Amino acid sequence: MATGSPTLTRPENAADDWTVPQDWDHFTAEEHGVWDTLFERQSKQLPGRAADAFLEGLDVLHLSRPGIPNFEELSEKLTKATGWQVVAVPGLIPDDVFFDHLANRRFPAGNFIRRADQLDYLQEPDVFHDVFGHVPLLANPIFGDYMQAYGQGGLRSLEFGAIHKLARLYWYTVEFGLIRENDELKIYGAGIVSSHGESKFAIDSDSPNRIKLQLQRVMRTEYRIDDYQQTYFVIDSFEDLLRRTSDADFAPLYAELEALDDLPVTTILPEDEVLTVGTQEYAEAKAKAA
Ligand code: HBI
Ligand code: FE
C-alpha cells in the first residue's frame, strides 16, 4: 500500500516492484546532451564544495561513454564497490516499494531526463537528480550501509504510522545534508549536489540556518520542497550519522515525537548547536516578490 505519497498508479510496463527496463537505446542524442550539460556544469562546480566521498564516488559514473549512464554498466561497477545496484523506475513510486528497494540495496532511478529548457527546475526526480545526485555516495561503504538501514527503518516506520517523521531524516541528510570535513562545510545531499544554484547557496549564503544534526530535532523539523532550504543540518562524518541511526531505538523515539510539536522550518532552539544563524533574506525576498 502506498502511504504518504499521492495515490500513484503503476504504469502498464512496470513490474510489481515498479521497475521498468531502462531500454538505454530509447534515449535521444538531445537527452544525452542534457545529461552532458548538467554533468559538465556540476563536475566543474563541485570540487572544493562536495564531500570527498562524493567526489571519489563520481568515478563510478565516469563510464566509457558520455551521456545518460547505462544502468547495467553502472550497476556492475557499483555492485563491486558496495553491493548496490541502480534500477529504472518511471518516476516517484509508493513509499513501501521505495523502502523495500533500498532495504535490498537497489536504488530506484527515474527513467527520464528533464528538458533542455528546464535545466534548473525539476518537478520530480529525473535520472540526473537520482544518478548524479544519489549514486556516487552509494559507492561509499558507510553511506551504502546508511541507505540500506534507512530502507529497513522506512518499512518499520510504516508500522508506526511515522513515515512523515522518518521522511524528514531522509530529507535533511540524503537529500539536503551538509558535512563538516577538516573544519570546512561541504555538501553531500543529492538535492544540493545536483542543483547548480543550491550547491553555491548551501555553502556560501548567509540566508539559511546551519545546525548540527540531532536525530529527534531533525524528525520534528518541517521542510519545503519548492525552493532552496532555509535550514540545513550538518553531520561530522558518515560514520557518526550511521551510528546515530543504528543506535537509535525508533519505537520510543516515535512515541516521544508524538508528544512534541513539529517545528517550523526556520526555528532555532536554545539547545541547538548552531553553526550559522541565517538571515532568511533569500526566503523573505522570494516571499515579497511572489
Ligand atoms: N520514489 N522514485 C522515487 N524516488 C524517491 O526518492 C522517493 C520515491 N517515493 C517516496 C519517497 N522518495 C519519499 O517519500 C521517501 O522519503 C519515502
Ligand atoms: Fe532524491
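The values are calculated or read from the model by the stated rules, or taken from the named source; none is laboratory data. Model, not experiment: these values are computed from the prediction. Virtual Cβ from ideal backbone geometry, glycine too; neighbours counted across all protein chains shown.
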If the requirement is being buried (at least 17 other Cβ atoms within 10 Å of the Cβ) and away from ligand 1 (no atom under 16 Å from the Cβ), which of these qualifies: Pro125, Pro94, Pro69?
Pro69
Kindly provide the set of residues from the range 126-145 that are within 14 Å of ligand 2 (Cβ to nearest atom) and farther than 30 Å from Arg115 by Cβ, ordered by number.
Phe143
Might you check whether a residue that is farther than 16 Å from Thr231 by Cα and within 16 Å of ligand 1 (Cβ to nearest atom) occurs anywhere in the range 170-186?
no
Could you grab the pairs with beta carbons closer than 7 Å, sequence gap of 6+ or different chains, first residue in the range 95-108 and more than 21 Å from Gly161 (Cβ to Cβ) and of a type in the set (Lys, Arg), second one within 15 Å of ligand 2 (Cβ to nearest atom) and in a strand (DSSP E or B)?
Arg106/Val87
All but one of (1) in contact (Cβ under 8 Å) with a residue 40 or more places away in the chain; (2) away from ligand 1 (no atom under 16 Å from the Cβ); (3) farther than 25 Å from Lys44 by Cβ; (4) over 16 Å from the mean Cα position of the chain (by Cα) hold for Thr245; state the number of the condition that does not hold.
(2)
When residues of the range 15-45 are limited to those that are assigned to a loop (DSSP other than H, G, I, E, B) and of a type in the set (S, T, N, Q), the one surrounded by the fewest Cβ atoms within 10 Å (Cβ to Cβ)
Thr28
Would a scan of the range 56-63 turn up a residue that is touching a Lys or Arg at 6+ places or on another chain (Cβ under 6 Å), at pLDDT 95 or above, surrounded by 17 or more Cβ atoms within 10 Å (Cβ to Cβ) and within 13 Å of Leu138 (Cβ to Cβ)?
no
Can you spot a residue in the range 245-259 that is modelled with pLDDT of 95 or more, closer than 28 Å to Ala103 by Cβ, assigned to a helix (DSSP H, G or I) and in contact with a Phe, Trp or Tyr (Cβ under 6 Å, 6 or more places away or on another chain)?
no
Taking the stated definitions as given, is Leu242 surrounded by 12 or more Cβ atoms within 10 Å (Cβ to Cβ), in contact with a Leu (Cβ under 9 Å, 6 or more places away or on another chain) and either at positive phi or outside any loop (DSSP other than H, G, I, E, B) (or both)?
no
Looking only at the range 174-215, filter to residues that are among the charged types (D, E, K, R), under 23 Å from Leu269 (Cβ atoms) and in contact (Cβ under 8 Å) with a residue 24 or more places away in the chain; which one of those is nearest to ligand 2 (Cβ to nearest atom)?
Arg210
Quick check on this structure: which one of Val265, Val234, Val218 is surrounded by fewer than 18 Cβ atoms within 10 Å (Cβ to Cβ) and either outside any helix (DSSP H, G or I) or at pLDDT 95 or above (or both)?
Val265
Can you name the residue in the range 180-203 that is among the charged types (D, E, K, R) and assigned to a helix (DSSP H, G or I) and is also surrounded by the fewest Cβ atoms within 10 Å (Cβ to Cβ) among such residues?
Lys200
